[in-house]
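Just below is one structure, and these are the notes that go with it.
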There are 2 protein chains.
Amino acid sequence: MKLEDVITQVLPRIRPGEEERAFVRRLMDELKEIAIETAERLGINAKPRFVGSLAKDTYLAGDHDVDLFLAFPLDTPLEALREKGLELGKAIAERLDSYEVAYAEHPYVRARYRGVKVDLVPCYDVKSWRDVRTAVDRSILHNLWVLDNLGGRNDDVRLLKRFFKGIGVYGSEIYVRGFSGYLTELLVIYAGSFADVIEKHEMILRMKVLDPAGWLRREPELSMKTVERESEAGVPLIVIDPADPRRNVAANLSWEKFGKFYFKAGDFLKKPDVGFFFPPEKPSGSYSAELRRKGTHLLTLLFEKPELIDDILLPQLERSAKGLARALEKEHFRVFGMDYGYSGERAFVMLELDRWEREKVTVKPGPELHTIRARDFYRKNERVWMEGKRLYAEKRIRENLVDVVSDLLERNQVALGKNVREGIKRAEILLDFVPQWLERDAYLFLSREKWNLKG
Amino acid sequence: MKLEDVITQVLPRIRPGEEERAFVRRLMDELKEIAIETAERLGINAKPRFVGSLAKDTYLAGDHDVDLFLAFPLDTPLEALREKGLELGKAIAERLDSYEVAYAEHPYVRARYRGVKVDLVPCYDVKSWRDVRTAVDRSILHNLWVLDNLGGRNDDVRLLKRFFKGIGVYGSEIYVRGFSGYLTELLVIYAGSFADVIEKHEMILRMKVLDPAGWLRREPELSMKTVERESEAGVPLIVIDPADPRRNVAANLSWEKFGKFYFKAGDFLKKPDVGFFFPPEKPSGSYSAELRRKGTHLLTLLFEKPELIDDILLPQLERSAKGLARALEKEHFRVFGMDYGYSGERAFVMLELDRWEREKVTVKPGPELHTIRARDFYRKNERVWMEGKRLYAEKRIRENLVDVVSDLLERNQVALGKNVREGIKRAEILLDFVPQWLERDAYLFLSREKWNLKG
């Protein structure tokens, strides 16, 4: 199939139809009216501003969350913005279907209206990056810049977004670290079109620094500082924010996600296929057959999932998996890989290891001969020998992996995420076996299909 | 038992009796006469000088090898000393029972006479350390100094020698690295008596530098240089040679042997016993029971012993055992210890390992994303994933220890001693089993009784 033919097949599935457009327009009009009325009624000086993909008309069909920002004048004190912003958000949300208060840098209101998620976020009504005071303020500038520069390439953004989703690299959440919506838009604007982004993947890898708004000429000092800082941090890509020369839009993009884009773009160019946009579900296989094929072992910890949002839970699970891996490496098990996640109320950490049993006795290094402790070590141990100036003796150790893990957890020898610590310490420990609901995860992990760039 | 009682019991067994003394005296007189006559007959200007324990009357009963040095005037050219020395040695040996030529820094003659080994070694007739030109010259000075300073404490030297032999730390050969006869004599002279050496073991450890002849006052610059150089080298003990301030008599003493003396002296003081001088044979046990107890595995390589003297063979076996250990550690086996040796025509290397089987598939790190090789690695491997900026893939590996070792040897991936390389490459490889003649060695190794300081 040719690239153009693939695009022709994909576009109708991702471009919102007339009916959906009309619904979205109506929704936005209603929300704007409600917001203006409510602000007037409460005497709060804030203007509604739509940001995000709806405002830029780059949303994918069926995917139309609303970001409605409540923009306060620049001279509003931060405390007042916080207080009045929440008050206004709540008052607006009262007229919608339901809502809750969520917390980021500042509290904001997360509501639902006509089946659509509506975030009501207070911010400053900034005109330039020099005005930016809170983390969300920049969104207003992003919106303006994209509207000014997109030039009708909205469908190219949709294609690239869908491509990113299809290959699993879309989303800037901390547990994804992929391409954000804004970064997707910038890539299209920078390269020219969806096809250009794909074709220029090699160039994008080699260039490393993209400067869509020409900051390096207009603000050389400030933007070079950004380039230097980000290079130092070792990121795979630097895209100087057209709305703020101090910022790298790709700061949170991981090497893994960038690498996947790089290889997949190459594969797609060689053999364009709709499957890149809408991948068939990964075929599963038998995790126990994988264990036999590889001759490795699977350690699984199952425990109660604490009620936390993904942004907080997943990094803690990752930290715990890494902590467990480090502790076991110290105990001379080799760790080949790890995974973590949850399903329903159960969270899990999985490690792939070289063995489940080890020697019963190991060598314990003691003090050096000249030290005060030498005689004590000699006295306390049954068999003592020297290698060079150091004393050694035998030490009995636990031989079974499950015993070793229980013991490490009991003695607090594992670095664990704060909110999952208690759960993990009471976890069920499984060896080379998982319950049915985890079988697919276990297979995708052990086979590495989960991360297989070629999968 | 009290220390004095132990000495009373040990002395009669190690002090040569009247008959043995008479025999030794006669032997020395005869040898001296033969040497003088032969030198005269050949017109070679060299004087016979007895050195070593016979000359100093510090030999143990039944242990009376003769060191007969042939001392040439200082103005003899080195080449002439070499040539005439060997000629004279051979001519003397012709009148003894049998002989062969041996090689050290210079060739010398090793003869036998009346059942006694007689070394005929050419040297310079030095009067002071400033005259020393060849490695053996110093022996003459050692002899003189000990004769001048021993003051009748010959039996104390005998006791200490026997103590050192009993606990297994006597001998300065490169594969022993224990206490030499001369070092034993110096310790007695320095400390006062056998009992004093034992009692002052803690002091000797802490002092670290012993200066029996007061060189640090008489030749401060030269002897301080010796102390600095040896400290830098990290030796356990520095004994400035009374016969040469540039030399540390204990330069070749290993930490292991010094440590053993230290702990054994402490034990002996606490509980004096004849067993320290004449230890009962170490009880053997079952090596296979040891393997079960420890949960470890024994790898043995058996091969033909090349015809080499211990001085050359044993260091090569050690190097080979270490090379094998390093190569296996790289393959992710843990090595807990190693041993080597020979019996008859068969040499062996033994390693104790954590396991004999490992996973079949391991993780192969690939290039980084930005490198030229990245695309190639992606193309060539079936499953490829990234961790940070690096690519990874699976790699099949040999799972059985014996296969791994054969493979390593075949691919020349093991650093081996020069003269044993070919033998080891054709070695029999045994796992958790040794032939009967090696059972005792295997037990002493696995149980660490071989090196057990408390054994």
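The values are calculated or read from the model by the stated rules, or taken from the named source; none is laboratory data. Note that the coordinates shown come from a computational prediction; the quantities given were computed from them, not determined experimentally. Note that each Cβ is placed from the backbone with ideal geometry, even for glycine, and that neighbours are counted across all protein chains shown.
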Residue ID - nearest to the chain's Cα centre (by Cα), chosen from residues in the stretch B:221-249 that are more than 14 Å from chain A (Cβ to nearest Cβ) and of a type in the set (A, V, I, L, M) = B:249
Report whether or not residue B:439 is among the charged types (D, E, K, R), surrounded by 15 or more Cβ atoms within 10 Å (Cβ to Cβ), in contact (Cβ under 8 Å) with a residue 24 or more places away in the chain and more than 25 Å from residue A:335 (Cβ to Cβ).
-> yes
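Every residue, every condition in (1) within 28 Å of the chain's Cα centre (by Cα); (2) outside the structural domain of residue A:341 (by TED's automatic domain parsing); (3) free of Cβ contacts under 8 Å to residues at least 24 places away in the same chain, yes or no:
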| residue | (1), (2), (3) |
| --- | --- |
| A:407 | no, no, yes |
| A:419 | yes, no, no |
| A:435 | yes, no, no |
| A:452 | yes, yes, yes |
| A:455 | yes, yes, no |
Only one of these is surrounded by fewer than 17 Cβ atoms within 10 Å (Cβ to Cβ) and either among the hydroxyl-bearing types (Ser, Thr, Tyr) or touching a residue at least 60 places away in the same chain (Cβ under 8 Å) (or both): B:232, B:202. Name it.
-> B:202
Flag for residue A:366 being crowded, with 16+ Cβ neighbours inside 10 Å and either at the interface with chain B (Cβ under 7 Å from one of its Cβ atoms) or within 46 Å of the chain's Cα centre (by Cα) (or both) = yes
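Where residues in the stretch B:320-337 are of a type in the set (A, V, I, L, M) and touching a residue at least 40 places away in the same chain (Cβ under 8 Å), which of them is nearest to the other protein chains (Cβ to nearest Cβ)?
Ranking the qualifying residues of the stretch B:320-337, first place goes to B:328.
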Read through the list (1) surrounded by fewer than 17 Cβ atoms within 10 Å (Cβ to Cβ); (2) over 21 Å from the mean Cα position of the chain (by Cα), then give the number of the only condition that residue A:344 fails.
-> (2)
Select, from B:189, B:204, the only residue that is within 14 Å of chain A (Cβ to nearest Cβ), in a helix (DSSP H, G or I) and farther than 30 Å from residue B:313 by Cβ.
-> B:204
Considering the stretch B:296-319 alone, what residues qualify as being within 14 Å of another protein chain (Cβ to nearest Cβ), in contact with an Asp or Glu (Cβ under 9 Å, 6 or more places away or on another chain) and either without any contact (Cβ under 8 Å) to a residue 24 or more places away in the chain or surrounded by fewer than 22 Cβ atoms within 10 Å (Cβ to Cβ) (or both)?
-> B:297
Could we say that residue A:340 is at the interface with chain B (Cβ under 9 Å from one of its Cβ atoms) and touching a residue at least 12 places away in the same chain (Cβ under 8 Å) here?
-> no
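Condition check ((1) within 13 Å of chain A (Cβ to nearest Cβ); (2) among the aliphatic types (A, V, I, L, M); (3) in contact with a strand residue (DSSP E or B) (Cβ under 9 Å, 6 or more places away or on another chain)) across all residues:
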{"site": "B:375", "(1), (2), (3)": "yes, no, no"}
{"site": "B:383", "(1), (2), (3)": "yes, no, yes"}
{"site": "B:410", "(1), (2), (3)": "no, no, no"}
{"site": "B:416", "(1), (2), (3)": "no, yes, no"}
{"site": "B:437", "(1), (2), (3)": "no, no, yes"}
{"site": "B:449", "(1), (2), (3)": "yes, no, no"}
For the stretch B:252-266, indicate whether the set of residues that are surrounded by 16 or more Cβ atoms within 10 Å (Cβ to Cβ), charged (D, E, K, R) and away from every other protein chain (no Cβ under 12 Å) is non-empty.
-> no
Neighbours by Cβ (under 7 Å, 6+ apart or cross-chain): first from the stretch A:268-295, in a helix (DSSP H, G or I); second of a type in the set (S, T, N, Q) | A:274/A:9; A:290/A:447
Considering every residue within the stretch B:393-407, establish whether at least one is touching a strand residue (DSSP E or B) at 6+ places or on another chain (Cβ under 9 Å), closer than 30 Å to residue A:207 by Cα and within 14 Å of chain A (Cβ to nearest Cβ).
-> yes
Has the stretch A:142-159 got any residue that is in contact with a strand residue (DSSP E or B) (Cβ under 9 Å, 6 or more places away or on another chain), in the same structural domain as residue A:246 (by TED's automatic domain parsing) and at pLDDT 95 or above?
-> no
Taking the stretch B:1-16 and keeping only residues that are of a type in the set (D, E, K, R) and within 14 Å of residue B:154 (Cα to Cα), one is left with B:15
Can you tell me how many residues in the stretch B:32-64 are over 23 Å from residue B:189 (Cα atoms), outside any strand (DSSP E or B) and not hydrophobic (A, V, I, L, M, F, W, C)?
-> 9
